[in-house]
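**Student:** Have a look at the structure that comes next, please.
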């Protein structure tokens with residue numbers, strides 16, 4: 001294999017198309033506040049809810065990586081003038097700091113041949129390990145929407161993959177009326193692209209597809225795969241961000257003859273599988289050759305009001321990168337925080353063999369509860385007290401069920417879990433918990449992250465949802481695990497070793513800094529036991545945020 005010498009960034013919107021997108025607003029994914037786009041951030045940015053170990057710029061708005069010569073690069077949308085969407089430029093950060101501002105969605109692709117495969121921007125100096133300068137070639141744009149495509153709904157190219165015929169492919173998101181589409185393009189030389197007669201995939205009544213991602217996963221292996229890998233032991237993942245719901249959905253399936261076909265058991269649409277059942281959007285994955293893993297990086301917008309965002313001077317964070325693998329069942333993906341996050345762990349506390357009877361809670365003391373990593377395994381002796389699942393409940397609407405069956409509603413087996421970012425007297429808290437239901441001859445596990453009691457502050461435009469998802473887990477061993485990454489205004493949670501993930505943005509007024517508390521709790525009639533709980537204070541990385 002030749003050395004990795006050429007790097008390209010994709011952005012396929014002409015200046016005219018981008019201008020139309022911003023001015024019209026109708027097709028835009030974000031609310032467009034023309035009068036607020038350049039509202040300057042306050043001289044002293046409000047630090048109260050800024051994260052400690054999640055990436056965010058010093059001020060203003062961001063939203064949405066790649067690995068090159070030993071360094072991880074993050075490119076993201078950035079408004080240099082205000083804390084709302086608008087005035088978008090590309091910003092560039094690396095894991096070994098220097099940062100330089102560099103337009104719409106982007107994918108980084110590394111080509112192994114000694115040829116220029118330049119698209120929207122190329123590094124000015126490949127010997128610079130930080131790739132600080134970029135050049136926009138004159139032959140842009142390389143792909144232009146033809147007359148059959150809605151130009152305002154045409155964006156976010158995937159990483160390109162190389163077919164067995166030696167031709168490159170990539171997919172771009174869009175829609176035709178209410179049908180979401182992943183358009184397919186081919187190229188022999190990376191310079192001249194032709195739209196395929198048929199799209200890679202499309203689904204009716206799903207609206208505009210943003211940030212599509214298409215990649216292979218190993219059926220039996222424990223490593224990630226490079227994007228062009230194709231063999232009998234591979235499934236493919238197609239992920240789309242639905243503009244209409246602001247959630248991300250994926251299917252597993254087969255890629256053959258330039259067509260993606262979801263597996264028969266997959267729900268292809270609004271009720272399908274999600275990467276994350278909370279505040280998680282516009283994600284992209286990439287293959288990390290240094291550790292043979294696929295890494296997923298998602299963006300979390302604020303749940304505060306636009307007025308609050310402007311007042312505090314910043315909006316948007318990047319969530320912790322996650323590894324992505326196919327679950328042993330072959331029915332879904334599993335995600336887990338990358339191992340590097342563990343290097344930020346500080347003081348540790350442990351709890352083992354702790355029983356939690358009905359109505360009991362135990363405080364986890366000795367760590368900074370506002371900035372922590374908590375990994376706990378619960379067990380129970382019996383499933384007999386699992387509540388019957390009411391047939392009138394919508395099994396596709398876990399969020400509604402969580403709102404109805406919250407952490408304070410006594411159950412049989414559950415609710416049990418963690419009370420994160422809690423004030424001393426529980427005026428504020430964000431519970432992350434499980435509740436087990438019996439549905440005829442099987443069990444359903446509901447996982448919730450409920451922000452409804454997260455703050456005493458009331459304000460117009462604030463969003464405090466009860467995020468939830470079901471966990472497809474075998475309860476034969478009568479155990480459930482939960483890991484939560486807590487960071488001042490974000491709680492990222494991973495149920496059953498990453499089978500179900502939920503991210504929440506919260507803004508406590510009392511449970512901040514050293515006044516934040518962490519509890520394990522049980523509000524079910526069935527006693528549960530903490531088999532093991534490990535919790536760490538999390539340190540802030542040097543030269544970040």
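The values are calculated or read from the model by the stated rules, or taken from the named source; none is laboratory data. Bear in mind that the values here come from a model prediction, so they are computed numbers and not experimental data. In this analysis, Cβ positions are derived from the backbone assuming ideal geometry, glycine residues included, and neighbour counts consider all displayed protein chains.
**Student:** Among 90, 85, which is the only one that is modelled with pLDDT under 70, closer than 30 Å to residue 303 by Cβ, in the same structural domain as residue 213 (by TED's automatic domain parsing) and not in a loop (DSSP other than H, G, I, E, B)? Even if it seems obvious, please write down each step before you answer.
**Tutor:** On the way: 85 fails: not in a loop (DSSP other than H, G, I, E, B).
Just a single option satisfies the conditions, and that option is 90.
**Student:** Here is a list of conditions, (1) under 25 Å from residue 292 (Cα atoms); (2) at pLDDT 95 or above; (3) surrounded by fewer than 23 Cβ atoms within 10 Å (Cβ to Cβ), and residue 179 meets all of them except one; can you say which number that is?
**Tutor:** (1)
**Student:** Is one or more of the residues making up the range 242-249 crowded, with 17+ Cβ neighbours inside 10 Å and closer than 27 Å to residue 167 by Cβ?
**Tutor:** First pass over the range 242-249, keeping only residues crowded, with 17+ Cβ neighbours inside 10 Å: 242-243, 247-249.
Now narrow it down to the ones that are closer than 27 Å to residue 167 by Cβ: none.
No - not one qualifying residue is present in the range 242-249.
**Student:** Return the residues of the range 369-386 that are surrounded by 20 or more Cβ atoms within 10 Å (Cβ to Cβ) and either outside the structural domain of residue 491 (by TED's automatic domain parsing) or within 23 Å of residue 430 (Cβ to Cβ) (or both); say none if nothing qualifies.
**Tutor:** Within the range 369-386, the subset surrounded by 20 or more Cβ atoms within 10 Å (Cβ to Cβ) is 369-374, 376, 378, 380, 386.
Selection gives 369, 370, 371, 372, 373, 374, 376, 378.
**Student:** Of the residues 349, 324, only one is crowded, with 16+ Cβ neighbours inside 10 Å, assigned to a strand (DSSP E or B) and not assigned by TED's automatic domain parsing to the domain that holds residue 287; which? I'd like the intermediate steps shown before the answer.
**Tutor:** On the way: 324 fails: not assigned by TED's automatic domain parsing to the domain that holds residue 287.
After applying the criteria, what remains is 349.
**Student:** Go through the range 101-148 residue by residue and tally those that are more than 25 Å from residue 174 (Cβ to Cβ), assigned to a loop (DSSP other than H, G, I, E, B) and modelled with pLDDT under 50.
**Tutor:** Going residue by residue through the range 101-148, those that are more than 25 Å from residue 174 (Cβ to Cβ) are 101, 110-116, 122-135, 138.
Of the ones still in play, those that are also assigned to a loop (DSSP other than H, G, I, E, B) are 112-116, 124-133, 138.
If we keep only those that are modelled with pLDDT under 50 as well, we get 113-116.
Matching residues across the range 101-148 total 4.
**Student:** How about the range 149-168: which of its residues are under 16 Å from residue 188 (Cβ atoms) and in a loop (DSSP other than H, G, I, E, B)? Lay out the reasoning, then the answer.
**Tutor:** Keep residues of the range 149-168 that are under 16 Å from residue 188 (Cβ atoms), which gives 160-168.
Of everything in the range 149-168, those that are under 16 Å from residue 188 (Cβ atoms) and in a loop (DSSP other than H, G, I, E, B) turn out to be 160, 163, 164, 165, 166, 167.
**Student:** Turning to a different aspect of this structure: Could you list, in sequence order, the residues of the range 141-186 that are more than 25 Å from residue 227 (Cα to Cα) and touching a helix residue (DSSP H, G or I) at 6+ places or on another chain (Cβ under 8 Å)?
**Tutor:** The answer is 151, 152.
**Student:** In this structure, does residue 366 turn out to be over 25 Å from residue 464 (Cα atoms), part of a loop (DSSP other than H, G, I, E, B), in contact with a strand residue (DSSP E or B) (Cβ under 7 Å, 6 or more places away or on another chain) and in the same structural domain as residue 498 (by TED's automatic domain parsing)?
**Tutor:** Considered against the rule, which asks whether it is over 25 Å from residue 464 (Cα atoms), part of a loop (DSSP other than H, G, I, E, B), in contact with a strand residue (DSSP E or B) (Cβ under 7 Å, 6 or more places away or on another chain) and in the same structural domain as residue 498 (by TED's automatic domain parsing), residue 366 comes out as yes.
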